Structure formats: C-alpha cells, structure tokens
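These notes concern the structure reproduced below.
The values are calculated or read from the model by the stated rules, or taken from the named source; none is laboratory data. Predicted, not measured: the structure shown is a model, and the values here were computed from it. Don't worry about glycine lacking a Cβ; one is built from the backbone with ideal geometry, like all the others, and counts go over all protein chains shown. Remember, those area values only see protein heavy atoms, side chains included, never the ligands or the DNA or RNA. Shrake-Rupley method; radii C 1.70, N 1.55, O 1.52, S 1.80 Å.
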Amino acid sequence: MTNVLELVAQEMEKHKVAKLRSITVRYGVLSNIVADSLAFAFEVLTKDSEFAGAKLNLVKDELALKCRLCSHSFITDQKDYFFLACPKCGEEGSFEIVKGEGIFLDRIEADE
Ligand SMILES: [Zn+2]
C-alpha cells in the first residue's frame, strides 16, 4: 500500500493537482490481498497526510489465463491453476497469467 501511495504522490506532482478525491486500485486474486486490510492501511496512511479524506476504490481482478499450447484465453476462479486443463485443447498446467496478479494503481481523481 505504501508503494501505491508513493505512486499517487508522483502522479499528483506530475499533474500539479492539489486535492486528491479518490484513487482506484486494482489487485489480483493471486496477490493475497485482503480488501479490508488494504482499506484500513489506506485510512491510516492518509489520515494525517495531504491525501486525507480521499476515497479508495478497490477492484479485484479475476484470474485470467492463457494456454501456452493453443493460446486460448479464459477466466477461472480456480486459484490452483496448475492443475487445470485448458477448456479448449485439454492441455494441463501450462498457462501464462494474463491477469490476476499483483496490485497496481488504476486511476486517480483529483481537483486541480
Ligand atoms: Zn489450450
């Protein structure tokens, strides 16, 4: 979360905005992030800062995989994707993660 806030600070600096209204943070299902903890951290970190009062929007990214064999892309709720079989060609456990990992800053809304 601290890293995300550093990014926000950089962006605000870059665009010369004074008051942060809200930020949207996306996180993947594989990132082991608990939305409540993140929201709490955001509140604690922003409380006495220039970001005080800003709203945090959290968007969870589903796991999207791409089969290495046939290039078929699909979304799954199965986190143990290693044991999955490709819905198209049946190949098992050979996927590239398209979406669903990490945490990143998606959007910033601020007043000039
Ligand atoms: Zn496949």
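How about region 36-83: which of its residues are over 29 Å from I108 (Cα atoms) and acidic (D, E)? D80 - this is the single residue of region 36-83 that is over 29 Å from I108 (Cα atoms) and acidic (D, E).
Among the residues making up region 1-16, a single one is open to solvent by 30 Å² or more (accessible area, probe 1.4 Å) and of a type in the set (V, I, T): T2.
Residues that are more than 9 Å from the ligand (Cβ to nearest atom), open to solvent by 90 Å² or more (accessible area, probe 1.4 Å), not in a helix (DSSP H, G or I) and not basic (K, R) within region 64-83 comprise I75, D77, D80, listed in sequence order. Taking every residue in region 32-43 that is touching a residue at least 24 places away in the same chain (Cβ under 8 Å) and pairing it with any residue that is of a type in the set (F, W, Y), at least 6 positions away or on another chain, the pairs with Cβ-Cβ distances below 7 Å are I33/Y27. Within region 84-112, the set of residues being away from the ligand (no atom under 16 Å from the Cβ) and either within 22 Å of the chain's Cα centre (by Cα) or not acidic (D, E) (or both) comprises K99, G100, E101, G102, I103, F104, L105, D106, R107, I108, E109, A110.
The number of residues in region 47-63 being open to solvent by 40 Å² or more (accessible area, probe 1.4 Å), of a type outside the set (D, E) and not in a strand (DSSP E or B) comes to 2.
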